[in-house]
Amino acid sequence: MICKKIVAACLLFILVATQCISSPESVSAASFPDVPTSHRAYSEIMYLVNRDIVTGTPNGKFNPEDYVTRAEAATMIGRALNLQGGYRQTEYVDVPKSFYASGYIQDMSDAKILAGYGNGNFGVSDKLTREQMALIITRAWSFWETSGITFTDVNVNSESYIAINKLATVGVVSGYPGGKFGPKDFIKRADFALMVARTLNPEYRKNPADLQPIAQATVIADSLNVRNAPDASATRISAFAYGTKVNVYSKLENGWAYVGTSSLKGFVHGAYLKYPSTPTVPTDPSNPLKGKIIVVDPGHGGTDPGALGYGMKEKDITLITSKYLRDYLTEAGAKVVMTRDTDIFHSLEKRVLIANNASGEAFISIHANAFNGTANGTETYYNEDNSKSVDNKKLATYIQNRLLIPELDMKDRGVKEANFYVIRYQNKMTSTLIELGFIDNKSDASKLASDTWRKKAAYQIHLGIKDYFQYLQNK
Ligand SMILES: [Zn+2]
């Protein structure tokens, strides 16, 4: 379903515009008698204090060894994300509007970053565990790199396993001596500050020496300001001259990037960086998918269920099918980046950004349709207003053709042109949006409900993508 996309894009614009007028960084850094300069988290705490993300207590102390409550966590993360906050009506019985964290708690809940217990309570004074903190950070910020790092006390089947692995991989968290992480331990204010500061600023990560560039770029502004945080109001450290070649270490949701040369590292606005146009991936004539970076985008998610029909939600169908697609592509040697692999809400702009950050070579958005119950069939969309229009249509056509096999038994609604946000603003890679079928149509819905059908559809989409890369190879 696609009708709400423009609205979502507009809401996102308002959010971004609001962030641009956030209050300037306070100049007078507070100091706390219980956080001397020798404290293990001194720099990180000060970094967050100067950014108004954490504050001291009324008695002038910071209390670094105190535990963090869920309400405090919601407030601090909400500030770090520039969310609305304030005093608001919430969905929780234990969070009245007059409660200091009511706005941020509802923000966290709306964004599916930190939800209540499902019994109507948020648990404002309950302490936050280290694994909950890892989950919060990976829901609030994008981390997709994983590694072989494991902790003896983090079960591979636990909900937090991937989150802790992702954060350990990039040095946002580290375990205790002896290979333990302490997932059920309550998190202290000092450790909370460490994790948030390391998330926001890679300079604070555990092994900054291990910081690996994800790309190279060239500065295309006459003088590009380098700041100590990803925000136009943050302190200016220095500037890069036009033409400077920089390593890019991370790209953030708000358009900023953490970059550096051998002598200077800091945050710059990503609009003034030029990336090499095509990633250099060695091609293998016998396997056109080998090494290709393919972004798979399961439509909707989290608070946005998409279209509904026959007891199904579009967001679930798109995710299940996308995971099968990921598996087939991976098996064929491609490198797959998912815009989401859980039931989480992402803005359309964020999906495009994730794709760009991954330097994807093809972007595949998966959706299911709805009309009034009478329409049925598969259709695949491309955009012709962006620089990739010819290849976009090729990709859409190859996929649509592969989806029309008798086994899938779908009506051919054709390859169509449209201005959907995720394919319109996907200038850096070929992109397509597939509407598998109509979730509110009895015949289509019975297929969408079938795992065998979804698996087969994913397999056929993977063949269509392969056809496209074959065509590129022979072009
Ligand atoms: Zn949709």
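The values are calculated or read from the model by the stated rules, or taken from the named source; none is laboratory data. Fair warning: this is a prediction, and the values are worked out from it, not measured in the lab. All Cβ positions, glycine included, derive from the backbone under ideal geometry; neighbour counts span all protein chains shown.
Tell me which residues, restricted to segment 401-421, are among the polar types (S, T, N, Q) and part of a helix (DSSP H, G or I).
Passing the criteria: only Asn401.
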message: Can you find a residue that is in a strand (DSSP E or B), more than 16 Å from the ligand (Cβ to nearest atom) and among the basic types (Lys, Arg) anywhere in segment 287-300?
response: no
task: Hey, could you check segment 301-320 for residues that are more than 10 Å from the ligand (Cβ to nearest atom) and in a helix (DSSP H, G or I) and say which is nearest to Phe438 (Cα to Cα)?
output: Asp316
field: When residues of segment 422-457 are limited to those that are part of a strand (DSSP E or B) and either among the aliphatic types (A, V, I, L, M) or outside the structural domain of Ile320 (by TED's automatic domain parsing) (or both), the one farthest from Val296 (Cα to Cα)
entry: Leu436
- prompt: Would a scan of segment 405-419 turn up a residue that is within 16 Å of the ligand (Cβ to nearest atom) and closer than 29 Å to Pro276 by Cβ?
  reply: yes
statement: Filter segment 420-435 for residues that are away from the ligand (no atom under 16 Å from the Cβ) and hydroxyl-bearing (Ser, Thr, Tyr); the one that is modelled with the highest pLDDT is Thr430
message: Step by step: first the residues of segment 64-98, then only those that are touching a helix residue (DSSP H, G or I) at 6+ places or on another chain (Cβ under 6 Å) and farther than 24 Å from Ser233 by Cβ, then the one that is surrounded by the fewest Cβ atoms within 10 Å (Cβ to Cβ). Which residue is that?
response: Tyr87
task: Would you check if Lys323 is closer than 30 Å to Lys442 by Cα, surrounded by 15 or more Cβ atoms within 10 Å (Cβ to Cβ) and either assigned by TED's automatic domain parsing to the domain that holds Asp110 or within 16 Å of the ligand (Cβ to nearest atom) (or both)?
output: no
task: Provide a single number: the residues in segment 206-263 that are charged (D, E, K, R) and at pLDDT below 85.
output: 5
message: Quick check on Gly171: is it crowded, with 17+ Cβ neighbours inside 10 Å and not in a loop (DSSP other than H, G, I, E, B)?
response: no
- prompt: In segment 234-265, what count of residues is obtained for those that are crowded, with 17+ Cβ neighbours inside 10 Å and either assigned by TED's automatic domain parsing to the domain that holds His346 or part of a strand (DSSP E or B) (or both)?
  reply: 14
